[in-house]
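Novice: Quick one: this structure, given as C-alpha cells, is what I'll be asking you about.
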C-alpha cells in the first residue's frame, strides 16, 4: 500500500487528483488572480459562491462535491458581470467564437481563437 | 447560452464542452482586458497541484508538538505563525488553530460554501465540499466521526467550527502516545489531512506504513 503521506506535498485524496479536469484548475486560478487584483473580496466571493450553490441545490443539483467547480464557474461569471468587466452578451460572443474555432480546428490540433471566429 | 448543437461528431472539427467554452471565453476576455495573465494562471495551478498540500499543515502540527513557543504562537495567531514558516499563499484574513485535548475534539466545516485553510491543507477533498458533510457536521458531528471510523470517549466534547471567508480553522490534533523524542520530520508523517480537519486522529506509531 502506498502511504499518501509518504509523498511530500501531493495534494491527492482517496478520490484522485484535486482537479479532475483542466478547466476546473483554470476556473480556480482565475478566481485567485481576480481576487489578487482586487476585483472582489473573499467575503464577496464566499457570498456569491454560497448563493450559486443554493441556487443549484434548488434546481436539483445533488451537491455532492462533484459539481463544485461548476458552481465556482457560475460565481465567477456572475461577479465578473456584476463588477462590470464582462456582461452576459460579451460572454456569449466569446463563447460562440470559441465554439466556431473548435469546429474549424482539425481534431488533435491546438484550438486557437482568430478574429474571423467572431464573424 | 447558445443553441448550437454540440452533439455533432464529424471527423474534421474539434469539440469543446459547454463548460470548456465558458472557461475559455472568460479567460480570453479577462486576458484581453488585462485582468489576468495566462502565465500567472498556470503558475497558480502548478502551485496548488504540486506544492501546496496537507504536508504543509503536517509540518506546522509537528512543530507545534515539539516546540512549546511555536505552539503558543500558533494558538495565539495562526496566520502569523504559519507565515513565519514560509507558507505565504494568503487566502482570507484569519487562520485560527484549535487544539484537540482529551476534553475537547474540534472539527471544521464550511456550511455556506467550502472555505478551507488552503495555504496549509491545499485544496479541499470532494467530501468536504458535499452537502451531506456541510449539513451533518453541524447537526450530527459524532455520526460523521463514526463514518470516518473515529470513536471518541463519551465525555469528550465535540466542537464544530464553521469557517467563513474571513476566518478559517485548522485543527491541532493530539500528539500520539509513544512518540517521545521523535524528530519533527518523523512526527509529520503521523499527521493526516483528516486529522487537521478533525474528521480523523493523528496516526499512532504502529499505524505508520513501513
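The values are calculated or read from the model by the stated rules, or taken from the named source; none is laboratory data. Remember, it's a predicted structure, so these values are computed and weren't measured experimentally. Please note: Cβ atoms are built from the backbone with ideal geometry, for glycine as well, and neighbour counts cover all protein chains shown.
Novice: Regarding the range A:97-117, can at least one residue be identified that is facing chain B (nearest Cβ under 10 Å), over 15 Å from residue B:33 (Cβ atoms), out of contact with any helix residue (DSSP H, G or I) (no Cβ under 7 Å at 6 or more places or on another chain) and modelled with pLDDT of 95 or more?
Specialist: no
Novice: Something else now. Could you list, in sequence order, all residues of the range B:122-136 that are part of a helix (DSSP H, G or I) and either within 7 Å of another protein chain (Cβ to nearest Cβ) or touching a residue at least 24 places away in the same chain (Cβ under 8 Å) (or both)?
Specialist: B:126, B:127, B:128, B:129, B:131, B:133, B:134, B:135
Novice: Another question, then. Hey, which of the helices (runs of 4 or more DSSP H) in the range B:11-76, taking only ones fully inside, have at least 3 residues that are closer than 30 Å to residue A:79 by Cα and within 11 Å of chain A (Cβ to nearest Cβ)?
Specialist: Working: elements: B:18-32, B:38-46, B:54-66, B:68-76.
Here the list reads B:18-32, B:38-46.
Novice: Right, next: Which one of these is over 21 Å from residue B:121 (Cα atoms), touching a residue at least 24 places away in the same chain (Cβ under 8 Å), touching a helix residue (DSSP H, G or I) at 6+ places or on another chain (Cβ under 6 Å) and not in a loop (DSSP other than H, G, I, E, B): B:144, B:158?
Specialist: So the residue among B:144, B:158 that is over 21 Å from residue B:121 (Cα atoms), touching a residue at least 24 places away in the same chain (Cβ under 8 Å), touching a helix residue (DSSP H, G or I) at 6+ places or on another chain (Cβ under 6 Å) and not in a loop (DSSP other than H, G, I, E, B) is B:158.
Rundown of residues vs (1) more than 17 Å from the chain's Cα centre (by Cα); (2) surrounded by 15 or more Cβ atoms within 10 Å (Cβ to Cβ), yes/no style:
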residue	(1), (2)
A:75	no, yes
A:88	no, no
A:107	yes, no
A:114	yes, no
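Novice: Checking residue A:79 against (1) part of a loop (DSSP other than H, G, I, E, B); (2) more than 7 Å from every other protein chain (Cβ to nearest Cβ); (3) modelled with pLDDT of 95 or more, which test does it fail?
Specialist: In the conditions (1) part of a loop (DSSP other than H, G, I, E, B); (2) more than 7 Å from every other protein chain (Cβ to nearest Cβ); (3) modelled with pLDDT of 95 or more, residue A:79 misses (1) alone.
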